[in-house]
Amino acid sequence: MERLPAALARRIALGAQGFAEPRPAGSVGIRQLRRTAERLAVVQIDSVNVLSRSHYLPFFSRLGPYQRSDLDAVSNRRHDVFEYWAHEASFLPARLHPQLRWRMAAAEQEAWGSMTRVQRERPEYVAALLARVRADGPIRASQLQEERPNRPGSMWNWHAGKAALEYLFFTGALTARGRTAGFERVYDLPERVLPRAVVEAPTPERPDAVRELVRTAARALGVATETDLRDYFRLSPVDARTAIAELADAGELRPVEVVGWGRPAWLDPQARRPRWIRARALLSPFDSLVWERPRVERVFGFRYRLEIYTPAVKRVHGYYVLPFLLGDRLVARVDLKADRQAGVLRVQSAFAEPGVDVPEVAVALAAELRLMAGWLALEQVVVHERGDLAAALATAVSGGGAPG
């Protein structure tokens, strides 16, 4: 069994996620966006918009500034990607639609809450709603005249119509045609949305489909534990272990020992082994590089917790905190807010990791913040006083310098 130094494993993981290549020197278009979506395979969607909708950020992190309307075109018009439940609600390459039909068929076991309840209690309503979409075309949940339940504090506070649409979405009877400007999902029939070749593709048996999902996760992660591979598409332990064993027998996964990981790992034999990583990127909390917190700690020695749902007085670092990648290390974290009315990107807190070169990190982070502000059409970066990196960062921001 090959023994990988921890630093090499970290570079392999970063290379698999698209950070071994320099950002494009020219303009970024649909071709680069499609390539990145294919490489990541899963781009998580989240409704929080304090900085930017989360699915836009992974493309900026890897490619630099681009037209967000181009990414909208990839999902809403070209349908190179489709929406479904993978890691969480996510965009995925359209080619993976057949590989997730087993999950659609197992909605009674895989779905949750009001989705399955409305089907059990009002199956005729669900069927009528599907017939309405088939006859009348795309629909949004807000078009349905249904009373919203009074469940304060619940993030799944859906009325019956929304729950029924989500059930039909989970089963694959409906898919997302796109999103409105307010981020509301528009539902339609798959045969009216997805590429014809995808709709007509045969449905693989569940073991074959799961094997392809694990294969895809392995390519996206580079080197990973069983848990990492399983988590990428939220697979069951039994399904994942079986697929990993079959891929290993076929030579498509190679068992390795990573120094310091303390558990078996699997290497994609085709993964690049970069000699160095020269990345500079701010990462969404929902970026596939950092969404699995135990993996982040294992690979980067970076303890990261999402504090959105933590009461403000108990937050350690802030509300919407982005790790900062410099080279092959996570060296800092910043709580960011796009103050669109004032035209300001606000750094509400900035913290450095222990042992980093604070002036060097501050200069690099200031450059990335200015680049992000320009991409978000904000006129300036304002650094607030909270955090041990804040003073140096404020100095670096005010000192100017090259934005890219």
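Among the residues of segment 219-253, write down those that are hydroxyl-bearing (Ser, Thr, Tyr), more than 13 Å from His87 (Cα to Cα) and in contact (Cβ under 8 Å) with a residue 40 or more places away in the chain.
Thr225
Can you find a residue in segment 61-69 that is assigned to a loop (DSSP other than H, G, I, E, B), touching a residue at least 60 places away in the same chain (Cβ under 8 Å) and in contact with a His (Cβ under 9 Å, 6 or more places away or on another chain)?
Taking every residue of segment 61-69 in turn, none turns out to be assigned to a loop (DSSP other than H, G, I, E, B), touching a residue at least 60 places away in the same chain (Cβ under 8 Å) and in contact with a His (Cβ under 9 Å, 6 or more places away or on another chain).
Look through segment 204-230, keep the residues that are more than 12 Å from Leu267 (Cα to Cα) and not in a helix (DSSP H, G or I), and return whichever of them is least open to solvent (accessible area, probe 1.4 Å).
Pro204
For the subset of segment 339-389 comprising residues that are of a type in the set (A, V, I, L, M, F, W, C) and open to solvent by 60 Å² or more (accessible area, probe 1.4 Å), which member is nearest to Leu57 (Cα to Cα)?
Ala377
In the list Ala135, Ala163, Ala106, Ala73, which residue meets the criterion of being among the aliphatic types (A, V, I, L, M) and buried (at least 20 other Cβ atoms within 10 Å of the Cβ)?
Of the residues listed, the single one that is among the aliphatic types (A, V, I, L, M) and buried (at least 20 other Cβ atoms within 10 Å of the Cβ) is Ala163.
Is segment 391-404 home to any residue that is open to solvent by less than 30 Å² (accessible area, probe 1.4 Å), in a loop (DSSP other than H, G, I, E, B), under 17 Å from Leu51 (Cβ atoms) and touching a residue at least 24 places away in the same chain (Cβ under 8 Å)?
No, segment 391-404 contains no residue that is open to solvent by less than 30 Å² (accessible area, probe 1.4 Å), in a loop (DSSP other than H, G, I, E, B), under 17 Å from Leu51 (Cβ atoms) and touching a residue at least 24 places away in the same chain (Cβ under 8 Å).
For segment 319-347, which residues satisfy the criterion of being small (Gly, Ala, Ser) and in contact with a helix residue (DSSP H, G or I) (Cβ under 8 Å, 6 or more places away or on another chain)?
Passing the criteria: only Ala332.
Is it the case that Phe170 is surrounded by 15 or more Cβ atoms within 10 Å (Cβ to Cβ) and over 12 Å from Val133 (Cβ atoms)?
So Phe170 fits the description; yes.
Answer yes or no as to whether Glu21 is at negative phi, charged (D, E, K, R), outside any helix (DSSP H, G or I) and open to solvent by 30 Å² or more (accessible area, probe 1.4 Å). Walk me through how you get there before you give the answer.
On the way: at negative phi: yes; charged (D, E, K, R): yes; outside any helix (DSSP H, G or I): yes; open to solvent by 30 Å² or more (accessible area, probe 1.4 Å): yes.
Judged against the criteria, Glu21 is a match.
Could you list all residues from segment 276-297 that are of a type in the set (D, E, K, R) and in contact (Cβ under 8 Å) with a residue 40 or more places away in the chain?
Within segment 276-297, Arg278, Arg280, Asp287, Glu292, Arg295 qualify.
So, in segment 241-257, of the ones that are under 24 Å from the mean Cα position of the chain (by Cα) and over 21 Å from Val299 (Cα atoms), which residue ends up surrounded by the most Cβ atoms within 10 Å (Cβ to Cβ)?
Taking the candidates together, the pick is Ala243.
Quick one: would you say Gln67 is modelled with pLDDT of 95 or more and buried (at least 18 other Cβ atoms within 10 Å of the Cβ)?
No, not satisfied.
Looking at segment 296-325 only, could you name the residues that are in a loop (DSSP other than H, G, I, E, B) and acidic (Asp, Glu)?
Glu307
Restricting attention to segment 179-203, which residues are within 20 Å of Ile139 (Cα to Cα), open to solvent by 80 Å² or more (accessible area, probe 1.4 Å) and not in a loop (DSSP other than H, G, I, E, B)?
Glu191, Arg192
Could you run through segment 389-404 and say how many residues are touching a helix residue (DSSP H, G or I) at 6+ places or on another chain (Cβ under 8 Å) and modelled with pLDDT of 95 or more?
6
The values are calculated or read from the model by the stated rules, or taken from the named source; none is laboratory data. Note that the coordinates shown come from a computational prediction; the quantities given were computed from them, not determined experimentally. Cβ: placed from backbone, ideal geometry, glycine included. Neighbour counts: every protein chain shown. These area figures cover heavy atoms from the full protein model, side chains too; ligands, DNA and RNA do not enter into them. Shrake-Rupley method; radii C 1.70, N 1.55, O 1.52, S 1.80 Å.
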